[in-house]
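Colleague: Before anything else, here's the structure in question.
The values are calculated or read from the model by the stated rules, or taken from the named source; none is laboratory data. Note that the coordinates shown come from a computational prediction; the quantities given were computed from them, not determined experimentally. Please note: Cβ atoms are built from the backbone with ideal geometry, for glycine as well, and neighbour counts cover all protein chains shown.
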Amino acid sequence: MGEYILKRRISRAAILLRMTSLPVTEIAFLFHYHSSQGFSRSFKKYTGLTPSEYRTSAVWDFNKLQPSLLLENYSIPDVKLCELDERLTYTDLITEHDHIFDPAAKDVTKTIRKTLLNSRGTIKEMAILSRRPEALGKSRENLAEVFIAYYSDETPDYSESTCSFFGKYAIVNFDGDWETYSAYSKMIYVWVMAQNKLVLRNDAHLFKLHSYTEEKICFDMYIPVV
């Protein structure tokens, strides 16, 4: 159990490095290290990279991250690999913030659900990109910045833009209720990436939506990987 706790601490620190602008010294303090040097040594021993190298890497390797034990009663979703050469035309772009760990604090799923239900079934695809916020205050709240793009012919005086999806993608399907998706999607995402030794590219995810109601949603998520 001690090893699991250490791995979970390093994994959560790794997520903060990639998804927030928090200084390394603050992250070290959050996880009860006496110094940033001690944290850096521990982090490099586990991941093979210094915190700065991990943060600035062009890709995100999930291989060493420890999934949560809260998922031990779940079956890991199947993953398929494919090559894409597609473009999503969009008229609307929403900027939101999403809590990295706790959906009860701030959950972008609510915005996605509201947008889809308001579309009355017309939205078939979404492009979603998460990144670390520039504002340090948002990072200290553990909030990531999320961009959601989609096409709507109901947008007045709209102008069209495009988002490209090219290269290798991992496909993961979700078919269930909104509550389950909200509560477990981030943990399952890390689990899928770690178990399949996938390396994330810094590009948007493509969501191909099959059906959605007030209670449930079914979609395929295309994750950009190396």
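Colleague: Output the residue which, of all residues in the range 4-46 that are among the polar types (S, T, N, Q) and within 21 Å of the chain's Cα centre (by Cα), is nearest to D61 (Cα to Cα).
Modeller: S11
Every residue, every condition in (1) within 20 Å of N196 (Cβ to Cβ); (2) of a type in the set (D, E, K, R); (3) touching a Pro at 6+ places or on another chain (Cβ under 8 Å), yes or no:
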site: I27; (1), (2), (3): no, no, yes
site: K45; (1), (2), (3): no, yes, no
site: L71; (1), (2), (3): yes, no, no
site: L84; (1), (2), (3): yes, no, no
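Colleague: For residues that are within 17 Å of I112 (Cα to Cα) and in contact with a Leu (Cβ under 8 Å, 6 or more places away or on another chain), scanning just the range 151-193, find the one that is modelled with the lowest pLDDT.
Modeller: So, considering only residues that are within 17 Å of I112 (Cα to Cα) and in contact with a Leu (Cβ under 8 Å, 6 or more places away or on another chain), the one modelled with the lowest pLDDT is Y184.
Colleague: Can you give me the number of residues within the range 106-147 that are among the acidic types (D, E) and within 21 Å of T91 (Cβ to Cβ)?
Modeller: Residues that pass the stated criteria total 2.
Colleague: Just for the range 31-44: of the residues that are in contact with a helix residue (DSSP H, G or I) (Cβ under 9 Å, 6 or more places away or on another chain) and loosely packed, with under 14 Cβ neighbours inside 10 Å, which one is nearest to R140 (Cα to Cα)?
Modeller: Only one residue fits best here, namely H32.
Colleague: Are there strands (runs of 3 or more DSSP E) fully within the range 103-210 with at least 2 residues that are crowded, with 16+ Cβ neighbours inside 10 Å and touching a His at 6+ places or on another chain (Cβ under 8 Å)? List them.
Modeller: By residue number, 125-131, 143-150.
Colleague: I'd like the residue in the range 68-89 that is aliphatic (A, V, I, L, M) and within 16 Å of Y181 (Cα to Cα) and, out of all such residues, is surrounded by the fewest Cβ atoms within 10 Å (Cβ to Cβ). If you could, list the steps in order and put the result at the bottom.
Modeller: To start, the set of residues in the range 68-89 that are aliphatic (A, V, I, L, M) comprises 69-71, 76, 79, 81, 84, 88.
Right, trim to within 16 Å of Y181 (Cα to Cα) and you get 70-71, 76.
Details: L70: 10, L71: 14, I76: 14.
Residue satisfying both the conditions and the ranking: L70.
Colleague: Need pairs with beta-carbon distance below 7 Å; first residue under 23 Å from I148 (Cα atoms) and in contact (Cβ under 8 Å) with a residue 60 or more places away in the chain and within the range 68-92, second of a type in the set (K, R) and not in a loop (DSSP other than H, G, I, E, B); sequence gap 6+ or separate chains.
Modeller: E83/K168
Colleague: Just checking, how many residues over the range 7-24 are of a type in the set (D, E, K, R) and modelled with pLDDT of 95 or more?
Modeller: 2
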